[in-house]
Amino acid sequence: MHVSRPDLVPDASLERSEMETLQREIADAAVFEDALEFDPAVLGDPLVASTSEDDPPIVAGVDQSFLTNDAGDQDRALSAVVAVQGDEVIERVHAVTPLSIPYIPGLLSFREGAPIIDALEELSVEPDLLLFDGSGRIHFRQAGIATHMGVVLDVPSIGIAKSLLCGSPREDVENLPEGTRVPIEANSRVDAAEGTLLGYAVQTRQYDSPDRHINPLYVSPGHRVGPETAADVALATSSSYKLPDPVRLADSYADEAKRGLGE
DNA sequence: GCGACAG
DNA sequence: ATCTTGTCGC
């Protein structure tokens, strides 16, 4: 893949206020509605997929692991990408990139963005959709890492977060039935009209027993995907685990590749 | 000043 | 994110 908006690439050397200004530009450039070149329905329904004349869409999951130097600091990120088509893994790539800034809530893309772009540039196939570990529109300035990457690359993207950064669930999200979703709307901490639909809490997996339960994922549009479709995709790409397959595979590949460096 | 805070 | 064995439950 290649960068289509070099001017919007996250630059870790910017001042904090400049980063926030760039995020507002990203949010303005982002499209929070469906603008895909494939029918997302083929992802979940094998019947629909078999009816299609086209090849199945390529969905790539992206995740990072971190490397520590002798002093014990996290000085490099290993960004991993796993491209899936149908139920086949068609490519896996990774890149190791130096880190310059620490994790700061709300500024994640300035820490992990460059490593992610490095890894995606290694990919030979062209993904139709990117799934990121983190938020998309569910962000203080509506420009989470999935949105930032989607806009810079101009590719449809979705944010898959394991916890909620901001915004408020319309209802209780405790112990939701599998397959259900609860709207997440903008609150005072978000740079959007109060009540704006930012994404969904999505329950991809749930236990049967009343004893324990699984927390939902927080799914939001990155770029060129609407909130409903983002939630649909999260459910359709989650087979046996809580996380969508591409993201889970990228997660484990990031660890696997890291271990491969040590020995 | 206090609280909240993706990975 | 990361440090990490056993253990509870289906």
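A few remarks follow.
- When A:Glu112 is tested against (1) away from DNA strand C (no atom under 16 Å from the Cβ); (2) more than 19 Å from A:Tyr200 (Cα to Cα); (3) among the charged types (D, E, K, R); (4) out of contact with any Phe, Trp or Tyr (no Cβ under 6 Å at 6 or more places or on another chain), only condition (1) is not met.
- Members of region A:33-73 that are among the hydroxyl-bearing types (Ser, Thr, Tyr) and touching a Lys or Arg at 6+ places or on another chain (Cβ under 6 Å): A:Ser65
- Across region A:237-262, the qualifying residues are those that are surrounded by fewer than 18 Cβ atoms within 10 Å (Cβ to Cβ) and not charged (D, E, K, R), and the one among them that is farthest from A:Asp128 (Cα to Cα) is A:Gly262.
- Any hit, region A:117-135, residues being in a strand (DSSP E or B), away from DNA strand C (no atom under 16 Å from the Cβ) and closer than 19 Å to A:Lys258 by Cβ: no
- For region A:87-98, the count of residues that are more than 16 Å from DNA strand B (Cβ to nearest atom) and assigned to a loop (DSSP other than H, G, I, E, B) is at least one.
- Subset tally (residues that are part of a loop (DSSP other than H, G, I, E, B) and either away from DNA strand B (no atom under 14 Å from the Cβ) or touching a residue at least 40 places away in the same chain (Cβ under 8 Å) (or both)) for region A:157-174: 9
- When region A:133-156 is limited to residues that are hydrophobic (A, V, I, L, M, F, W, C) and under 14 Å from A:Asp28 (Cβ atoms), the one that is nearest to DNA strand B (Cβ to nearest atom) turns out to be A:Ala143.
- Residues satisfying the criterion are absent from region A:168-183 (criterion: at pLDDT below 95, out of contact with any Phe, Trp or Tyr (no Cβ under 9 Å at 6 or more places or on another chain) and among the small types (Gly, Ala, Ser)).
- Close pairs (7 angstrom Cβ cut-off, 6 or more residues apart or separate chains): within 27 Å of A:Pro105 (Cβ to Cβ) in region A:119-141, buried (at least 23 other Cβ atoms within 10 Å of the Cβ) and acidic (Asp, Glu) anywhere: A:Asp133/A:Asp63
- Screening A:Pro127 on (1) of a type outside the set (Val, Ile, Thr); (2) over 17 Å from A:Ala250 (Cβ atoms); (3) within 15 Å of the chain's Cα centre (by Cα) shows it passes everything except condition (2).
- Residue within region A:181-191 that is out of contact with any strand residue (DSSP E or B) (no Cβ under 6 Å at 6 or more places or on another chain) and within 16 Å of DNA strand C (Cβ to nearest atom) present: no
- Residue pairs meeting the criteria (Cβ under 8 Å; at least 6 apart or on separate chains; first away from DNA strand B (no atom under 16 Å from the Cβ), in region A:199-212; second charged (D, E, K, R)): A:Gln206/A:Glu178
- Cross-chain or 6+ apart pairs with Cβ under 9 Å, region A:6-32 first and in a loop (DSSP other than H, G, I, E, B), then surrounded by fewer than 16 Cβ atoms within 10 Å (Cβ to Cβ): A:Val9/A:Val3; A:Asp11/A:Glu18; A:Ala12/A:Ser100; A:Ala12/A:Ile101; A:Ser13/A:Ser100; A:Ser13/A:Ile101; A:Leu14/A:Thr21
- Close pairs from region A:62-76: first over 23 Å from A:His148 (Cα atoms), partner among the basic types (Lys, Arg), Cβ under 6 Å, at least 6 apart: A:Leu67/A:Arg76
- Tallying residues that are surrounded by 13 or more Cβ atoms within 10 Å (Cβ to Cβ), outside any loop (DSSP other than H, G, I, E, B) and in contact with an Asp or Glu (Cβ under 9 Å, 6 or more places away or on another chain) within region A:51-77 yields 11.
The values are calculated or read from the model by the stated rules, or taken from the named source; none is laboratory data. Since we're looking at a predicted model, the values are computed, not measured. As a convention, Cβ positions derive from the backbone with ideal geometry for all residues, glycine included, and neighbour counts pool all protein chains shown.
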